[in-house]
Amino acid sequence: MLKALVQTVTPFEQNASILYCSETKKCAIVDPGGDIDILLELSKKHDLIPEKILLTHGHIDHAGGATEIAEILNVEIHGPHTDDKFLLDSLQEQGTMFGMNSRNCNPDLWLSEGDIVKIGQEELDVYLCPGHTPGHVIFYNKNSKLAIVGDVLFNGSIGRTDLPGGNFEDLIDSVKNKLWPLGNDIDFIPGHGPMSNFQAERLYNPFVSDSVLNIRK
């Protein structure tokens, strides 16, 4: 079974996740934007074995600590899609702007639509979901019906599209054609704020509800 520990990090209050296989205790740290000491202590507290770092996209609040924590743990960084390379190449510059220590990130493996990421005995399906950034990906585990969606979708909202590479139409298309087909009974961990599920968002989200998107069941 795939389980998740969610830890809010950095002044951006970003949800970093530690996804782990309950059988093997192997884990992946998703979107370590910063406060890496807290994330390392959390994994140690639960006797987890870090296998890799996963990134949904290239903004500093999600990727700012990736290079440092990967070096400490001696693990690889996987993701996001290569279209976010321009953001990962500017993490140090982003850090200077926001008063955060950050290093540029060069992932060991770029991810694409249809890829599968393994964590112990569990698998995550990768979906390319541009809009917030051009190379944004999300991770989905069928067994637990859990999606890690980064800044594509929030509880009651959606990700910004006014930053470099953002596109509102692409984001709406990603939610409608990548997330909703996974099913209504999917819980999701957003990049910021509380968890929710797809059914609730399809009913009440003012940006992507079925009524707003004119989806007929």
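Odds and ends about this structure:
- Placing +1 on the Cβ of every Lys and Arg and -1 on the Cβ of every Asp and Glu, with nothing else charged, gives segment 1-122 a dipole about its Cα centre of roughly 360 debye.
- Panel order for 132, 62, by other beta carbons found within 10 Å of each beta carbon, from fewest to most: 132, 62.
- Over 18 Å between alpha carbons, listed pairs 85/145; 85/176; 25/178; 3/178; 26/178; 52/118: 85/145; 85/176; 25/178; 3/178; 26/178
- Ordered by the number of other Cβ atoms lying within 10 Å of each residue's own Cβ, fewest first, 22, 144, 17, 43 fall into the sequence 22, 144, 43, 17.
- Residue 195/residue 162 FRET efficiency (R0 30 Å; Cβ-Cβ; nearest 0.05): 0.75
- Residue exposure proxy: 24, 10, ordered by other Cβ atoms within 10 angstrom of their Cβ from fewest to most, comes out as 24, 10.
- Length released on extending from residue 104 to residue 169, taking residue separation times 0.36 nm less the Cα-Cα span: 20.5 nm
- Charge dipole of segment 2-210 (Cα centre as origin; +1 on each Lys and Arg Cβ, -1 on each Asp and Glu Cβ, all else neutral): 440 debye, rounded to the nearest 20.
- Prolate/oblate/rounded call for the chain, Cα gyration tensor, a/c under 1.5 rounded: oblate
- Selected from 199, 98, 60, residue furthest toward positive end of dipole (the chain; charges at beta carbon): 199
- Segment 107-158: C-alpha gyration tensor shape, a/c 1.5 cut-off, then a/b vs b/c: oblate
- Helical contribution to [θ] at 222 nm, DSSP H n ≥ 4, -39,500 (n - 2.57), averaged over the chain, rounded to 500: -5500 deg cm²/dmol
- With a cut-off of 20 Å on the backbone N, the residues of segment 146-188 near the modelled label site 7 Å out from residue 22 along Cα-Cβ are 146-148, 185-188.
- For the chain, a Gaussian network of Cα nodes joined below 10 Å ranks 88, 163, 42 by mean-square fluctuation, and the top entry is 163.
Quick note: the coordinates plus some simple rules give every number you see, no bench work behind them. The structure presented is a predicted model; accordingly, all values stated were derived computationally and were not measured. As a convention, Cβ positions derive from the backbone with ideal geometry for all residues, glycine included, and neighbour counts pool all protein chains shown.
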